[in-house]
Amino acid sequence: MSGDAAALSMAQQDRVFRPHGVTGASVEELVAELTRTGYDPLVTPVGRTAGEIPLTGAAMDPKTVGPGDLFVAVAGSRAHGADFIATAMAAGAAAVLTDDAGADKIREIADYRIPVIQVSRVRDAAGPSAALIYGNSSTSGPALFGVTGTNGKTTTTYFLRSLLDAVLRRHGQSTGLIGTIEIAAGEATIPSKLTTPEAVQLHSLMALFRESGITAAAMEVSSHAISYQRTSGLFYNVAGFTNLTQDHLDLHGSMEQYFEAKAALFARSRTRSSVIIVDDAWGLRMADAATGHVVQLATADEPAVSADWVVTEVTAEALGSSFTLVQRRTGETIRCRTGLPGRFNVSNAALAAVMVLTAQETGELRVAREEVITALEHADPFTISVPGRMQVIGTAPAAIVDFAHNPDAMIRTLEAAASTSQGRTILVIGAAGERDSAKRPLMGAIAVRMADHVIISDDDPHGEDPSQIRAALIEGARTALDEEGLDATLEEITPRLDAITRAVEVAEAEDTIILAGRGHEVHQDFGGTKHPIDDRVELARALRRRGFPTAPDAPVTAETADPANLSPSETAAEGGHTA
């Protein structure tokens, strides 16, 4: 694998994260496995018998198909994967997994010159198919730590990997990461296109992780991924739940359906142990819905009575916090800290700690408990920079870039700012287009309630009119200003670069500047066209122009991917704020 993977095209990137030594399976073996697991496949072999056709990889995107691949052709919103069967065959596809409609298209386009495995639920079957081809099972490793919830997934997975690294490096072992920002295998990284990749890519990654000697991996699991069966065929040693707040109702329709999508991860058939934060009613419901081994974690000031672990003695330390974890059953206490701002990062750190402690206790992680405790108390694994997540860019004024893009995340971020700021809070916000529009007025109202100077600008409009998105935010803000007698300053400024410049122009050294919504993203999507901009880089430049100090690790130049390598569907996903 190459550390220069970010410069590669999409197809090349997919190949970078393929394992090299794959035993594979025949079409006959795959059909037998799908039959055994209840998918009732119909197969149309051609030329050679099915038992003679080897499958050594799997791909859902026809542009990433390689010789010997199973091409998984699914129905999309605009086209069917089977429409591209000629491209897949030319690239060396050995067989196709598709549905009835796809089989009809292949018959018309290719006249069945390739074996077609026909099932009714293609996305469901894609994971188990890839698992068989890549030799993955619930016991084959690496130990997989999954995190879901509305907010906190990215930071918690970074915390998890940092703690796992601190423990496993002593044994000569390395770790992996799969999430919104990047996919990492040891020292090699590649920018992510989706919070959770498609099932065929995930199973390829699991095989690559094993091949690379990676024994544990942290992974974000979005509700989109669960709903679209991207995690099909994967088994999690430990899964964690952060929280559930309003977001992504454009996909799920209601909070109840959103909850059900998340809850599917915590079934015994998918996860061996579950660690659930039970700070509110949704968390308590999730703990009740989870099956298998369930561990409850309370991080609020008034912990749930049923919690197995509780957070106590939270103390401010510079921008971060120290805290004590207490296991109620045994009385065990562990002192931890995080250098990231905000009480919610105490929750994220506590969740990461308890997930690893649970894995050790249940034998999923084969290390001594003292090693985990030593790492927590002395290695400072939760004082790391997570790109675009409460990332400190400047110190006087405090200048922070955060991914907060829904009402609850905004509240948490602004509360964190208020707890440390000696002056005003200056906030730049927008909202993504083609996403849950109901949250926009709520976000505008929260902004003027909790910040002193609010600048409304653009996020990623995608195919929507940017002015209409801003108008919804402004409507909520003005309503709150008028009805609640608030005195916050409200401005509308575009483009976003001008909004960032304005935020720094009005700031004094004792103030706090927050750029919310875009986090680590390096392009804005306007109608499918990518415009380079990195909030972190532009904020640092604006601070330096005014003579304000920047953080030691504040970025100087943007690390942007080539927009030519991003398809419209991928650009929408990149700025899509997945659940």
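Among the residues of the stretch 383-401, are any charged (D, E, K, R) and surrounded by fewer than 23 Cβ atoms within 10 Å (Cβ to Cβ)?
Of all residues in the stretch 383-401, those charged (D, E, K, R) come to 389.
Filter once more, so that each one left must be surrounded by fewer than 23 Cβ atoms within 10 Å (Cβ to Cβ): none.
Checked the stretch 383-401: no residue is charged (D, E, K, R) and surrounded by fewer than 23 Cβ atoms within 10 Å (Cβ to Cβ).
Please indicate, with yes or no, whether at least one residue in the stretch 307-314 is farther than 19 Å from Val147 by Cβ, surrounded by fewer than 21 Cβ atoms within 10 Å (Cβ to Cβ), free of Cβ contacts under 8 Å to residues at least 24 places away in the same chain and in contact with a Phe, Trp or Tyr (Cβ under 9 Å, 6 or more places away or on another chain).
Within the stretch 307-314 (the criterion being farther than 19 Å from Val147 by Cβ, surrounded by fewer than 21 Cβ atoms within 10 Å (Cβ to Cβ), free of Cβ contacts under 8 Å to residues at least 24 places away in the same chain and in contact with a Phe, Trp or Tyr (Cβ under 9 Å, 6 or more places away or on another chain)), the answer is yes, since at least one residue qualifies.
Within the bounds of the stretch 170-179, is there any residue that is at pLDDT 85 or above, part of a strand (DSSP E or B) and more than 16 Å from the chain's Cα centre (by Cα)?
Of the residues in the stretch 170-179, the ones at pLDDT 85 or above are 170-179.
The next check asks that each one be part of a strand (DSSP E or B); those that pass are 174-178.
Cutting the leftovers down to more than 16 Å from the chain's Cα centre (by Cα) gives us 174-175.
Yes: the stretch 170-179 contains one or more residues that are at pLDDT 85 or above, part of a strand (DSSP E or B) and more than 16 Å from the chain's Cα centre (by Cα).
Just to be sure I understand, how many residues within the stretch 246-257 are part of a helix (DSSP H, G or I) and either surrounded by fewer than 17 Cβ atoms within 10 Å (Cβ to Cβ) or modelled with pLDDT of 90 or more (or both)? First the steps, then the outcome.
Our first condition is that a residue be part of a helix (DSSP H, G or I); within the stretch 246-257, this holds for 249-252, 255-257.
Next cut, either surrounded by fewer than 17 Cβ atoms within 10 Å (Cβ to Cβ) or modelled with pLDDT of 90 or more (or both) only: 250, 255-257.
The number of residues fulfilling the criteria is 4.
Condition (residue is assigned to a helix (DSSP H, G or I) and not β-branched (Val, Ile, Thr)) applied to the stretch 386-405: is it met by at least one residue?
Scanning the stretch 386-405 turns up no residue that is assigned to a helix (DSSP H, G or I) and not β-branched (Val, Ile, Thr).
Just give me the residues in the stretch 181-204 being out of contact with any strand residue (DSSP E or B) (no Cβ under 9 Å at 6 or more places or on another chain) and either farther than 21 Å from Thr150 by Cα or crowded, with 24+ Cβ neighbours inside 10 Å (or both), in sequence order. Please lay out each step first, then the result.
Within the stretch 181-204, the subset out of contact with any strand residue (DSSP E or B) (no Cβ under 9 Å at 6 or more places or on another chain) is 188, 193-194.
Within the stretch 181-204, Ala188 is the sole residue that qualifies.
To keep it simple, each residue is scored yes or no on (1) surrounded by 21 or more Cβ atoms within 10 Å (Cβ to Cβ); (2) at pLDDT 90 or above; (3) of a type in the set (A, V, I, L, M, F, W, C).
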| position | (1), (2), (3) |
| --- | --- |
| Leu319 | no, no, yes |
| Phe323 | yes, yes, yes |
| Cys336 | yes, yes, yes |
| Gly342 | yes, no, no |
| Val356 | yes, yes, yes |
| Gln360 | no, yes, no |
| Leu376 | yes, yes, yes |
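Select the strands (runs of 3 or more DSSP E) contained entirely in the stretch 265-380, then report the ones holding at least 1 residues which are touching a Gly at 6+ places or on another chain (Cβ under 7 Å) and on the phi < 0 side of the Ramachandran plot. Please lay out each step first, then the result.
Working: elements: 271-277, 293-298, 309-317, 320-327, 333-338.
So the answer is 271-277, 320-327, 333-338.
Among the listed residues Asp69, Asp83, Asp99, identify the single one that is farther than 26 Å from Leu205 by Cα, at pLDDT 95 or above and within 32 Å of the chain's Cα centre (by Cα). Explain how you work it out, then say what you get.
Working: Asp69 fails: farther than 26 Å from Leu205 by Cα; Asp99 fails: farther than 26 Å from Leu205 by Cα.
Exactly one residue qualifies, and that residue is Asp83.
Being among the hydrophobic types (A, V, I, L, M, F, W, C), in contact with a helix residue (DSSP H, G or I) (Cβ under 9 Å, 6 or more places away or on another chain), farther than 16 Å from Val16 by Cβ and surrounded by fewer than 24 Cβ atoms within 10 Å (Cβ to Cβ), is that true of even one residue in the stretch 205-222?
no
Filter the stretch 416-463 down to the residues that are more than 24 Å from the chain's Cα centre (by Cα) and part of a loop (DSSP other than H, G, I, E, B), then identify the one that is surrounded by the fewest Cβ atoms within 10 Å (Cβ to Cβ).
Only one residue fits best here, namely Gln422.
The values are calculated or read from the model by the stated rules, or taken from the named source; none is laboratory data. Predicted, not measured: the structure shown is a model, and the values here were computed from it. Glycine gets a Cβ as well: all are built from the backbone with ideal geometry, and neighbour counts include every protein chain shown.
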